[in-house]
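**Q** Take a look at the following structure, please.
The values are calculated or read from the model by the stated rules, or taken from the named source; none is laboratory data. Everything numeric here is computed off the predicted structure, so don't read it as measured data. Glycine also receives a Cβ, built like all others from the backbone with ideal geometry; neighbour counts cover every protein chain displayed.
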């Protein structure tokens, strides 16, 4: 059975907003997600995460820490996505996506995330929990 591997970068700013992208194929409904994409041959999951963030948002990031690995099945293909917390180190928000699937890059707060049409609805609770956890960590 075919398996797809990828990485996703979860980035939060000082306003407790998560960096997100609006994506979708040309004739599909557009949905929001955190920047992510497929791992290329010879690339580590960390390298994939950093590359995908640059391509989809124009921002340079570094890995803070691994968060979790999501496994599932999408359209009959087993999927394994490695999630990382990242921090912005430079760059300017711009879309450089070679696949032309990204339409917008934006920082979204918890209220917005709770109402967004997400590419991966199962991630909503995780994203909201991430914001709440970081809020409490910053106030210590």
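**Q** Going by the structure shown, is residue 52 at pLDDT 95 or above and not in a strand (DSSP E or B)? Spell out how you get there, then give the answer.
**A** Values: at pLDDT 95 or above: yes; not in a strand (DSSP E or B): yes.
Considered against the rule, which asks whether it is at pLDDT 95 or above and not in a strand (DSSP E or B), residue 52 comes out as yes.
**Q** Continuing with this model, one more query. What pairs can you find where one residue is in the stretch 46-61 and crowded, with 16+ Cβ neighbours inside 10 Å, the other is in a helix (DSSP H, G or I), and their Cβ atoms are less than 9 Å apart, with a gap of 6+ or different chains?
**A** Hits for this filter: 59/53; 61/49; 61/50; 61/53; 61/54.
**Q** Also: Among the residues in the stretch 90-104, are any touching a strand residue (DSSP E or B) at 6+ places or on another chain (Cβ under 9 Å), surrounded by 12 or more Cβ atoms within 10 Å (Cβ to Cβ), in contact (Cβ under 8 Å) with a residue 12 or more places away in the chain and under 20 Å from residue 130 (Cα atoms)?
**A** no
**Q** Could you list, in sequence order, all residues of the stretch 8-40 that are surrounded by fewer than 16 Cβ atoms within 10 Å (Cβ to Cβ) and under 15 Å from residue 135 (Cα atoms)?
**A** Scanning the stretch 8-40 gives 13, 14, 15, 16.
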